[in-house]
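Encoded as structure tokens, the structure appears first; notes follow it.
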Amino acid sequence: MADPTLADVLKAISNLDAKVGALDTKLDTVRAEAATHRAESAAHRAETAKGFSDLDKELAGHADVHRELETDIGALKRRPARSAARAPRRTPKR
């Protein structure tokens with residue numbers, strides 16, 4: 001095999017340059033897709049955080065209602081039992 005000539009070396013460099021250019025194009029495409037994915041992920045995180053915040057507010061409201069109910073139940077349990085029948089009326093003696 002003969003030693004490569006300057007023309008062969010320049011042709012090989014040209015071929016490598018074309019391949020690197022194609023890889024740069026693919027790399028730019030991948031970077032653009034990654035940026036799009038990051039943006040979509042950030043939007044999803046924000047939406048999820050808002051949803052959890054709304055759920056937390058709703059659950060806090062329910063917890064307040066349950067606390068009021070527990071207070072009312074505690075107050076009802078402390079009252080004496082009411083009988084269904086009325087006590088007979090006593091008429092004063094004359």
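The values are calculated or read from the model by the stated rules, or taken from the named source; none is laboratory data. All values derive from a computational prediction rather than experimental measurement. Reconstructed Cβ throughout: ideal geometry from the backbone, glycine too, with neighbour counts over all protein chains shown.
In the set Lys19, Lys57, only one residue is more than 26 Å from the chain's Cα centre (by Cα) and of a type outside the set (A, V, I, L, M, F, W, C); that residue is Lys19. Give just the number: which of (1) of a type in the set (S, T, N, Q); (2) at pLDDT 90 or above; (3) under 45 Å from the mean Cα position of the chain (by Cα) does Ser14 not satisfy? All conditions pass for Ser14, except number (3).
Answer with yes or no whether Thr5 is free of Cβ contacts under 8 Å to residues at least 12 places away in the same chain, surrounded by 10 or more Cβ atoms within 10 Å (Cβ to Cβ) and β-branched (Val, Ile, Thr).
Spelling it out, it is not the case that Thr5 is free of Cβ contacts under 8 Å to residues at least 12 places away in the same chain, surrounded by 10 or more Cβ atoms within 10 Å (Cβ to Cβ) and β-branched (Val, Ile, Thr).
Scanning the range 22-49 for residues that are under 23 Å from the mean Cα position of the chain (by Cα) and among the hydrophobic types (A, V, I, L, M, F, W, C) yields a total of 7. Among the residues here, Thr48 qualifies as at pLDDT 90 or above and either assigned to a helix (DSSP H, G or I) or surrounded by 10 or more Cβ atoms within 10 Å (Cβ to Cβ) (or both).
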